[in-house]
1. Can you find, within the range 155-177, the residue that is surrounded by the most Cβ atoms within 10 Å (Cβ to Cβ) among those that are free of Cβ contacts under 8 Å to residues at least 40 places away in the same chain and part of a strand (DSSP E or B)?
2. Residues to consider are 12, 39, 21; find the one that is within 12 Å of residue 58 (Cα to Cα) and surrounded by fewer than 19 Cβ atoms within 10 Å (Cβ to Cβ).
3. Quick test of your reading of the structure: residue 61 fulfils all but one of (1) touching a residue at least 24 places away in the same chain (Cβ under 8 Å); (2) surrounded by fewer than 22 Cβ atoms within 10 Å (Cβ to Cβ); (3) assigned to a helix (DSSP H, G or I). Name the failing condition by number.
4. Do we have residue 140 as in contact (Cβ under 8 Å) with a residue 12 or more places away in the chain, surrounded by fewer than 20 Cβ atoms within 10 Å (Cβ to Cβ) and assigned to a loop (DSSP other than H, G, I, E, B) here?
5. I'd like the residue in the range 119-131 that is in a helix (DSSP H, G or I) and either out of contact with any strand residue (DSSP E or B) (no Cβ under 8 Å at 6 or more places or on another chain) or at pLDDT below 95 (or both) and, out of all such residues, is surrounded by the fewest Cβ atoms within 10 Å (Cβ to Cβ).
6. Please count how many residues of the range 215-238 are buried (at least 21 other Cβ atoms within 10 Å of the Cβ) and outside any loop (DSSP other than H, G, I, E, B).
7. Kindly provide the set of residues from the range 1-11 that are in contact with a helix residue (DSSP H, G or I) (Cβ under 9 Å, 6 or more places away or on another chain) and closer than 20 Å to residue 93 by Cα, ordered by number.
8. What tally of residues in the range 69-78 results from selecting those that are closer than 17 Å to residue 133 by Cβ and either surrounded by fewer than 17 Cβ atoms within 10 Å (Cβ to Cβ) or under 21 Å from the mean Cα position of the chain (by Cα) (or both)?
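The values are calculated or read from the model by the stated rules, or taken from the named source; none is laboratory data. As the structure is a computational prediction, the values presented were derived from the model and not from experiment. Here the Cβ positions follow ideal geometry from the backbone for every residue, glycine too, while neighbour counts run over all protein chains shown.
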């Protein structure tokens, strides 16, 4: 299993450079973040090389895909984000799809979303970048968001039918929205390009709450998934004291960071 730390969540009180150094100290191999346009990309690139960290993923511009009239702006933003991804050596871009519009049918909005992703796929396939679109829960965190169901997300992914457009399966969000996590994941693993995870309730450390991450991670590993698991949670404790406490790992006795632990 490969882990990446979302520095905008786990280390939200640190600068990107300090957060990257903290991740390095924990022996985790990659980071990810949300917006790139409010960060010093040259500084991130320099530290990536110095610390030998991967940049697993980051977000493209937040422009709605369910509104056809905004599609050109979305695609322009995607092209801009792809250039940053290529500079950083990042292969995954994350996108949200936009809020549901009350004056249009869900069918029309889904058609716009599918067509927008199809147009995006032509650019992505040429550039060898994968775009992952994300269902979010609308019960706790994202009221009004269009796409909350992983079932609908996987159906959209099948309609787009591109190896460069997949689903971001956020385990925290889907536990709230649907449950049935292992079955939904393993039945659709070919359509999943990235994972996010956090404990529920609270969106805190993975070992807090009701989600059995040990069993979920074992199922993901057994599925043959080769991508990153993104740690996107808001810690209640100092991350340097608990980040290594991942549910499928145990200390080897040589240290406390994930680089010094083994899969169980």
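1. Among residues in the range 155-177 that are free of Cβ contacts under 8 Å to residues at least 40 places away in the same chain and part of a strand (DSSP E or B), the one surrounded by the most Cβ atoms within 10 Å (Cβ to Cβ) is 169.
2. That would be 39, the only listed residue that is within 12 Å of residue 58 (Cα to Cα) and surrounded by fewer than 19 Cβ atoms within 10 Å (Cβ to Cβ).
3. Unmet for residue 61, out of (1) touching a residue at least 24 places away in the same chain (Cβ under 8 Å); (2) surrounded by fewer than 22 Cβ atoms within 10 Å (Cβ to Cβ); (3) assigned to a helix (DSSP H, G or I): (3).
4. Details: in contact (Cβ under 8 Å) with a residue 12 or more places away in the chain: yes; surrounded by fewer than 20 Cβ atoms within 10 Å (Cβ to Cβ): yes; assigned to a loop (DSSP other than H, G, I, E, B): yes.
When the stated conditions are applied, residue 140 passes them.
5. Initial filter on the range 119-131 (in a helix (DSSP H, G or I)): 119-127.
With the extra rule that they be either out of contact with any strand residue (DSSP E or B) (no Cβ under 8 Å at 6 or more places or on another chain) or at pLDDT below 95 (or both), the set shrinks to 119, 122-123, 125-127.
Details: 119: 17, 122: 12, 123: 15, 125: 14, 126: 10, 127: 17.
Taking the candidates together, the pick is 126.
6. Counting residues in the range 215-238 that are buried (at least 21 other Cβ atoms within 10 Å of the Cβ) and outside any loop (DSSP other than H, G, I, E, B) gives 7.
7. Correct list: 1, 3, 4, 5, 7, 8, 10.
8. Here is the first cut: in the range 69-78, the ones closer than 17 Å to residue 133 by Cβ are 70-71, 73-75, 77-78.
Still in the list and also either surrounded by fewer than 17 Cβ atoms within 10 Å (Cβ to Cβ) or under 21 Å from the mean Cα position of the chain (by Cα) (or both): 70, 73-75, 77-78.
Number satisfying all stated conditions: 6.
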